[in-house]
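This report concerns only the one structure given below.
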Amino acid sequence: MSNNVDGSGHPPAKMISIWFFVSLVLGVYGLIVTALGVQTAMSGEMPKVVLGETNPCLWWGLVMVSASVVLFILDRVAGRR
Amino acid sequence: MTTIVLTHIDWVVIALYFAFILGIGFYLKRFADTGEGFFLAGRRNSAWVAGLAFLSANLGALELLGWTGGTVKYGMFAAHFYWIGAIPAMLFLGLFMMPFYYSSRIHSVPGYLKVRFDERTRLLNAFSFAVMTVLMSGVNLYAMALVLKTFLGWDWDVCMWVSAVTVACYVTLGGLLSAIFTEIVQFFLIWFGLFLVAILGFMETGGPGEVLARLPQAMSHLWSTSGAPESNAMEVTASGIILGLGFVLSFGYWTTDFLVVQRAFSSKDLRSARLTPILASFFKMVLPIIVIGAGLVAYRLLGDPASGFALLKNSQGGPDYNSALPLLIQRYYPAGLIGLGVTALLAGFMAGQAGNVTAFNTVWTYDIYRSIIKKDASDAHLVWVGRVTTIVGILLSVVTAYITMQFETIMDYVQAIFSWVNAPLFATMLLGMFWKRCTSPGAFWGLLAGMLTSFVLFLGLKYGWFDPYPITFSHAPSDMAKNLWQAWWAWVVCFGVTVGVSLATVPKSDEELKGLVSGLTPREDAGHVPFYSTPAFWAAVALVLLVAVNVYFW
């Protein structure tokens with residue numbers, strides 16, 4: 001266990017930072033959900049759930065992708081410091 | 001209700017999660033080959049990582065389902081469990097108790113009892129904690145299977161074994177490090193998987209202001225209706241909330257329960273360890289946005305027959321409040337998002353189980369196995385024991401889950417065990433850390449007396465052995481009020497007996513207590529740290545926010 005952290009949650013040596021994993025999960029899920037939202041918008045057939053007409057997959061998927069990108073950038077920036 | 005139907009894409013979302021956490025376990029195995037690596041995640045974490053894990057270890061799916069339902073039942077009173085019932089204790093842990101825990105380089109909370117008092121006090125706590133964690137883990141497993149069977153129509157056995165084997169794999173491989181990584185991923189999944197329920201709910205019902213305005217007086221305030229039990233939906237008084245919940249239960253849980261405290265032990269230095277619960281307190285304070293928010297939406301929809309929203313019935317024919325959150329997911333989420341919501345719940349269940357198992361394997365290995373079975377065990381041997389204990393712990397959880405399936409009343413007892421174990425322990429810890437005159441016999445007999453008091457009160461109140469009024473200040477107390485007062489009296493008895501026996505016995509010398517007791521522990525010089533990076537500053541900010549939300553919802 002020689003690789004210590006640098007104080008920001010980023011083990012600088014070999015261990016991949018936890019924030020990378022979080023960013024990865026949010027990114028993958030965000031892309032899947034957004035793709036479903038796009039498919040829904042293109043088909044024009046809104047899901048049969050309450051407020052389905054707002055196409056929550058589309059905007060919530062984009063929120064998740066944005067969060068993933070922000071976390072990824074913060075992780076890179078903090079890792080470089 | 002009809003069960004929630006999953007599409008192929010929902011299954012993909014769920015399967016990806018399982019693949020992901022197993023991958024994390026395999027990846028982290030190389031970093032968990034020493035005792036400190038396996039049991040304490042190498043003591044390498046920053047305050048942010050440890051803080052999120054600290055909170056997430058407590059943030060199981062049972063809590064999410066339970067308190068969303070609790071809000072439907074009690075209204076805003078449920079928020080007491082997130083604010084007065086958590087934040088002061090978390091801040092106290094960070095500011096005042098963590099220096100003694102962290103600086104003594106112990107592996108567990110029972111380990112502190114050993115160095116501060118003696119072996120028998122440690123064993124008393126270690127055994128009771130081990131039993132409690134296995135039971136909790138089993139009940140978690142049972143609850144998960146119940147939820148998945150009810151809402152998704154999944155098979156009991158498949159649910160329990162798939163989740164048990166998955167948790168066993170990644171904890172056996174990566175130890176606490178795996179548990180912490182998955183807990184943090186779970187924290188984000190819960191926010192992104194379930195926050196949308198509250199958002200869509202408020203969009204449908206006209207917003208939080210509209211929902212709050214329609215709540216009855218007994219449910220819409222935190223304190224102004226707590227003068228008498230009959231004035232609020234929880235049927236407790238302000239004194240019950242403050243003494244039972246805000247003081248004993250909350251401090252007993254957040255400052256002594258090794259399940260959460262273990263996460264702070266994984267911090268890289270003392271300042272990070274002290275910041276761990278303080279940073280976690282901010283995340284705890286905002287959780288009601290999801291839980292209370294969804295509960296208020298469910299309450300509002302239940303009051304509107306045109307909404308078509310209705311809770312399931314429980315086995316006694318009454319409303320099953322725990323069904324509120326899954327029913328809201330079903331109401332609002334289309335394909336894909338359903339998979340995400342179910343994954344968030346699954347992640348919560350499995351992280352709760354992993355949290356219990358990591359705490360269990362540490363306490364068993366260091367406080368029972370090394371203490372009474374193999375005192376000269378090598379570090380490598382202890383890691384091996386930890387891995388075996390993980391698997392045994394999971395198997396015991398599965399057995400507990402099957403027993404619970406046969407005897408559902410076990411659920412009632414398990415909730416009460418928190419009061420038996422944690423409430424008196426807080427008195428022991430408080431006296432141990434802040435009163436150097438506290439002796440080992442005092443701690444042991446006080447802890448034992450407190451645990452027995454809680455146990456007898458639980459049985460007495462449950463089976464009507466005596467009039468509840470002298471204990472609960474109500475002739476017909478709710479279960480919640482009984483729990484709170486039972487914890488309070490267990491604490492009082494433990495405190496009183498510990499002080500009494502301590503005054504009659506010989507204390508340890510100052511030399512022996514150095515680093516373990518207030519006044520005998522030198523302050524660690526952390527070098528120059530700007531004021532805005534100190535635990536005290538962030539604790540003050542958290543306290544101001546706590547006061548603000550309580551005044552706002554007074």
Would you check if B:PHE283 is buried (at least 24 other Cβ atoms within 10 Å of the Cβ), among the aromatic types (Phe, Trp, Tyr) and within 23 Å of B:LEU177 (Cα to Cα)?
no
Scan the stretch A:14-29 for residues that are in a helix (DSSP H, G or I), hydrophobic (A, V, I, L, M, F, W, C) and facing chain B (nearest Cβ under 7 Å) and jot them down.
A:ILE18, A:PHE21, A:VAL22, A:VAL25, A:LEU26, A:VAL28
Using beta carbons and a limit of 9 Å, which pairs, at least six apart or on different chains, have the first residue in the stretch B:249-273 and within 14 Å of chain A (Cβ to nearest Cβ) and of a type in the set (Asp, Glu) and the second one surrounded by fewer than 24 Cβ atoms within 10 Å (Cβ to Cβ) and part of a helix (DSSP H, G or I)?
B:ASP269/B:ARG43; B:ASP269/B:TYR102
Has the stretch B:297-311 got at least one residue that is of a type in the set (D, E, K, R), modelled with pLDDT of 90 or more and open to solvent by 30 Å² or more (accessible area, probe 1.4 Å)?
yes
Of all residues being more than 9 Å from every other protein chain (Cβ to nearest Cβ) and under 19 Å from the mean Cα position of the chain (by Cα) in the stretch A:30-43, which is most open to solvent (accessible area, probe 1.4 Å)? Just the residue, please.
A:LEU31
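Okay, residues lined up against (1) more than 30 Å from B:TYR333 (Cα to Cα); (2) modelled with pLDDT under 90; (3) surrounded by fewer than 18 Cβ atoms within 10 Å (Cβ to Cβ):
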site: A:SER2; (1), (2), (3): yes, yes, yes
site: A:GLY7; (1), (2), (3): yes, yes, yes
site: A:ILE16; (1), (2), (3): yes, yes, yes
site: A:VAL22; (1), (2), (3): no, no, no
site: A:VAL28; (1), (2), (3): no, no, yes
site: A:GLU45; (1), (2), (3): no, yes, yes
site: A:VAL69; (1), (2), (3): no, no, yes
Right, B:MET90: surrounded by 24 or more Cβ atoms within 10 Å (Cβ to Cβ), over 30 Å from B:SER224 (Cβ atoms), in contact (Cβ under 8 Å) with a residue 60 or more places away in the chain and in contact with a Ser or Thr (Cβ under 8 Å, 6 or more places away or on another chain) or not?
no
Looking at (1) at pLDDT 90 or above; (2) crowded, with 24+ Cβ neighbours inside 10 Å, which is the one condition that is false for B:THR172?
(2)
What are the residues in the stretch B:510-552 that are over 30 Å from B:LEU113 (Cα atoms), in a loop (DSSP other than H, G, I, E, B) and open to solvent by less than 40 Å² (accessible area, probe 1.4 Å), if any?
B:VAL529
Restrict the check to the stretch B:375-382 and report whether at least one residue is out of contact with any strand residue (DSSP E or B) (no Cβ under 7 Å at 6 or more places or on another chain), open to solvent by 10 Å² or more (accessible area, probe 1.4 Å), among the aliphatic types (A, V, I, L, M) and not in a helix (DSSP H, G or I).
yes
Can you name every residue in the stretch A:47-64 that is over 25 Å from B:ALA19 (Cβ atoms), open to solvent by 30 Å² or more (accessible area, probe 1.4 Å), more than 7 Å from every other protein chain (Cβ to nearest Cβ) and not charged (D, E, K, R)?
A:THR54, A:LEU58, A:TRP59
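Let's see how each residue does on (1) under 30 Å from B:TYR74 (Cβ atoms); (2) without any contact (Cβ under 8 Å) to a residue 12 or more places away in the chain; (3) in contact with a His (Cβ under 9 Å, 6 or more places away or on another chain):
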site	(1), (2), (3)
B:THR389	no, no, no
B:VAL398	no, no, no
B:PHE418	yes, no, no
B:PHE434	no, no, no
B:VAL456	yes, yes, no
B:ILE471	yes, no, no
Tell me, please, whether a residue that is farther than 30 Å from B:ILE199 by Cα, touching a Pro at 6+ places or on another chain (Cβ under 7 Å), touching a residue at least 60 places away in the same chain (Cβ under 8 Å) and surrounded by 24 or more Cβ atoms within 10 Å (Cβ to Cβ) can be found in the stretch B:352-359.
no
Of the residues in the stretch B:197-246, those that are within 14 Å of another protein chain (Cβ to nearest Cβ) and either closer than 21 Å to B:ALA481 by Cα or open to solvent by 30 Å² or more (accessible area, probe 1.4 Å) (or both) number 5
Mind checking which pairs have a first residue in the stretch B:282-311 that is farther than 16 Å from B:LEU64 by Cβ and of a type in the set (Ser, Thr, Tyr) and a second that is open to solvent by 60 Å² or more (accessible area, probe 1.4 Å) and part of a loop (DSSP other than H, G, I, E, B), Cβ under 9 Å, 6 or more apart or different chains?
B:TYR299/B:ARG214
Give me the helices (runs of 4 or more DSSP H) completely within the stretch B:1-90, filtered to those with at least 3 residues that are within 11 Å of chain A (Cβ to nearest Cβ) and modelled with pLDDT under 90, ordered by residue number.
B:35-40
Of the residues in the stretch B:203-238, how many are of a type in the set (A, V, I, L, M, F, W, C) and part of a loop (DSSP other than H, G, I, E, B)?
7
Residue list for the stretch B:156-195, restricted to those being at the interface with chain A (Cβ under 10 Å from one of its Cβ atoms) and without any contact (Cβ under 8 Å) to a residue 40 or more places away in the chain:
B:PHE188
Which listed residue, of B:PHE434, B:PHE466, is over 29 Å from the mean Cα position of the chain (by Cα) and aromatic (Phe, Trp, Tyr):
B:PHE466
Would you kindly identify the helices (runs of 4 or more DSSP H) lying entirely within the stretch B:278-373 that contain at least 3 residues that are under 16 Å from the mean Cα position of the chain (by Cα)?
B:337-362
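The values are calculated or read from the model by the stated rules, or taken from the named source; none is laboratory data. Everything numeric here is computed off the predicted structure, so don't read it as measured data. We place every Cβ from the backbone using ideal geometry, glycine too, and count neighbours over all the protein chains shown. SASA here: full protein model, heavy atoms, side chains in, ligands and nucleic acids out. Shrake-Rupley method; radii C 1.70, N 1.55, O 1.52, S 1.80 Å.
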